[in-house]
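This report refers to the structure that appears directly beneath it.
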Amino acid sequence: MSKSTRKKNTDREPNQTGRSARILVLHGPNLNLLGSREPELYGRTTLADIHAMMEARAKAAGVQLESFQSNSEGGLIDRVQAAGAEGIEFIILNPGGYTHTSIALRDALAAVAIPFIEVHLTNIYAREPFRRHSFFSDLAVGTIAGFGAQGYALALEAALSRISK
């Protein structure tokens, strides 16, 4: 099951092409359980809380933000491919468990060539050995790991800085 949240706001600032800049936030498997799933590891902040925080900041910056979560690799790939056709300027990606397994999602991101930042709530490099490898980090503009929900805010600030240039 996938969840998509689209917010429209007519008073956003247009970018250089005369339209609002657009950022897509992609959340991989099990991130829909944030707040209740292993809170000692992932915290008590929910995905809805994260989206609300990001939406408020994006709105203040005059940027359109869309958030999409899927437990399905295919759903995430379809959304990445659609982003390429829709003119999304930047992606913030938390691939969840697909970080360590999904060459197909990596290939989709490479194919659309939309710049992205990889985000992880925990420090994947300080966890189990199988979690220390990411199929995305070498394609990403940058990686933010270990700051919990704040990592999304940091990624958004970096994305806003990049698209304003």
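It is to be established whether one or more residues within segment 20-27 are more than 29 Å from Thr122 (Cα to Cα) and modelled with pLDDT under 80. Among the residues of segment 20-27, not one is more than 29 Å from Thr122 (Cα to Cα) and modelled with pLDDT under 80, which makes the answer no.
Once segment 96-116 is narrowed to residues that are in contact with a Leu (Cβ under 7 Å, 6 or more places away or on another chain) and aliphatic (A, V, I, L, M), the residue that is surrounded by the fewest Cβ atoms within 10 Å (Cβ to Cβ) is Ala110. Residue pairs whose Cβ atoms lie under 8 Å apart, separated by 6 or more positions or on different chains, with the first residue in segment 91-102 and among the hydroxyl-bearing types (Ser, Thr, Tyr) and the second assigned to a strand (DSSP E or B), are Thr99/Glu118; Thr99/His120.
Output the residue which, of all residues in segment 125-144 that are touching a residue at least 24 places away in the same chain (Cβ under 8 Å) and out of contact with any Ser or Thr (no Cβ under 7 Å at 6 or more places or on another chain), is surrounded by the fewest Cβ atoms within 10 Å (Cβ to Cβ). The residue in question is Phe130. One residue is enough: does segment 91-112 have a residue meeting the conditions in contact with a helix residue (DSSP H, G or I) (Cβ under 6 Å, 6 or more places away or on another chain), of a type in the set (Phe, Trp, Tyr) and not in a helix (DSSP H, G or I)? No, segment 91-112 contains no residue that is in contact with a helix residue (DSSP H, G or I) (Cβ under 6 Å, 6 or more places away or on another chain), of a type in the set (Phe, Trp, Tyr) and not in a helix (DSSP H, G or I).
The values are calculated or read from the model by the stated rules, or taken from the named source; none is laboratory data. These figures come from a predicted structure and were not determined experimentally. Using ideal geometry, Cβ is built from the backbone for each residue, glycine included, and neighbour counts are taken over all protein chains shown.
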